[in-house]
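Asker: I am attaching a structure below and will ask some questions about it afterwards.
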Amino acid sequence: MQEPTDAAARRAVKPVICYPVETLPQPDLTRYAGFRDRAIKLSEVLVPPREAGTFRVPAGGFFCISSVEGAQVGDLNLWHADDLSERFYSGKTRALHGTHVTSGQRLWSCFPALRPMATIVADTLGWYGKDAFGGSVHDVIGTRCDPYTHNLLSGGQYHHCCHSNLTRALADATGMALHEAEGHVHDVLNVFMCTGFTRDTGQYFMKASPVRPGDYLEFFAEIPLLGALSACPGGDCSTVHSSDQAQCHPLLIEVFATPADVLGDWTSPPPNGYDRRHGR
Ligand SMILES: [Zn+2]
């Protein structure tokens, strides 16, 4: 294809950040640290390999996802505990914070609420940064491994992709029928997963996660949350997913509540202020 004569000049135009975050309301991490010091453990769930587990976190509480036994990545879904239509919006979180998230960044909910659901308060893999391949940890790029894409690319029926694991877990937690629950499963935060885009073809890549037993990612719950976490059949995602070939390990979720007298006048962030008239 013939390039226009000013092709080089057009390519040389400098990019601008789509969503500068200077005006985003910033989390008060010092205040959250004070809450965490006084928080009380409520429960824990050990998610078996190639399965998902669910958990509920009160507003103002915390949940912590830990690596135990061996390197393993997890696919996380979040909903408002009392209204499943408000759920994690991975695409907008990516637009605001970039392809990977770490301490001080937030997981945002879908329209029309578009508010912080959870704020990351601790990340023991925060040291990783970006590697020479452009890879980093905890992405909001990947959607979730699922049996439909697997069927499209490889044929066959595989029932322990994260999509199906999350579907079964949500159905069990809510009493919903399987196919009703499936409609609530959404694009995930890939906890501990190391991913990026190849420089030449722009393709989504994964590589062995740097996570080791003892590493954890901890969140402050900005609103009451129902969460589901799948221990991905990809294991540490060094080779393949959507099969039983990879070595997999459990993931531990611990939930903490902050006592009301410690929370004091803290309140959940309100839903977004747009009036929803859409020009009418
Ligand atoms: Zn998966």
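The values are calculated or read from the model by the stated rules, or taken from the named source; none is laboratory data. Owing to the predicted nature of the structure, the values given are computational and were not obtained by experimental measurement. Here the Cβ positions follow ideal geometry from the backbone for every residue, glycine too, while neighbour counts run over all protein chains shown.
Asker: Can you find a residue in the stretch 87-108 that is within 21 Å of Ala173 (Cβ to Cβ), at pLDDT 95 or above, more than 16 Å from the ligand (Cβ to nearest atom) and touching a Lys or Arg at 6+ places or on another chain (Cβ under 9 Å)?
Answerer: no
Asker: Do we have Phe35 as part of a helix (DSSP H, G or I) and either within 16 Å of the ligand (Cβ to nearest atom) or touching a residue at least 24 places away in the same chain (Cβ under 8 Å) (or both) here?
Answerer: yes
Asker: On the basis of being hydroxyl-bearing (Ser, Thr, Tyr) and either on the phi > 0 side of the Ramachandran plot or over 16 Å from the mean Cα position of the chain (by Cα) (or both), does Tyr89 make the cut?
Answerer: For Tyr89, the condition - hydroxyl-bearing (Ser, Thr, Tyr) and either on the phi > 0 side of the Ramachandran plot or over 16 Å from the mean Cα position of the chain (by Cα) (or both) - is not met.
Asker: Taking the residues in the stretch 218-240 that are surrounded by 19 or more Cβ atoms within 10 Å (Cβ to Cβ) and farther than 20 Å from His80 by Cα as candidates, determine which candidate is farthest from the ligand (Cβ to nearest atom).
Answerer: Filtering the stretch 218-240 for residues that are surrounded by 19 or more Cβ atoms within 10 Å (Cβ to Cβ) and farther than 20 Å from His80 by Cα, the one farthest from the ligand (Cβ to nearest atom) comes out as Asp236.
Asker: Filter the stretch 85-107 down to the residues that are in a strand (DSSP E or B) and either more than 19 Å from Leu166 (Cβ to Cβ) or out of contact with any strand residue (DSSP E or B) (no Cβ under 7 Å at 6 or more places or on another chain) (or both) and list them by number.
Answerer: The answer is Ser85, His100, Arg106.
Asker: I need every pair where a residue in the stretch 259-271 that is in a loop (DSSP other than H, G, I, E, B) has its Cβ under 7 Å from the Cβ of a residue that is among the small types (Gly, Ala, Ser), sequence separation at least 6 or different chains.
Answerer: Qualifying pairs under 7 Å: Trp266/Gly60; Ser268/Ala59; Pro271/Ala113.
Asker: A further question follows. Considering the stretch 110-137 alone, what residues qualify as being in contact (Cβ under 8 Å) with a residue 60 or more places away in the chain, of a type in the set (Gly, Ala, Ser) and out of contact with any Gly (no Cβ under 9 Å at 6 or more places or on another chain)?
Answerer: Ala113, Ala122
Asker: Among residues belonging to the stretch 225-249 that are touching a Lys or Arg at 6+ places or on another chain (Cβ under 8 Å) and part of a strand (DSSP E or B), point out the one that is farthest from Thr119 (Cα to Cα).
Answerer: That would be Ala231.
Asker: Collect the residues in the stretch 186-224 that are over 12 Å from Ala71 (Cα atoms), assigned to a strand (DSSP E or B) and either in contact with a Pro (Cβ under 6 Å, 6 or more places away or on another chain) or of a type outside the set (D, E, K, R) (or both), keeping them in residue-number order.
Answerer: Those that are over 12 Å from Ala71 (Cα atoms), assigned to a strand (DSSP E or B) and either in contact with a Pro (Cβ under 6 Å, 6 or more places away or on another chain) or of a type outside the set (D, E, K, R) (or both): Leu189, Asn190, Thr195, Gly196, Phe197, Tyr204, Phe205, Met206, Leu217, Phe219, Phe220, Ala221.
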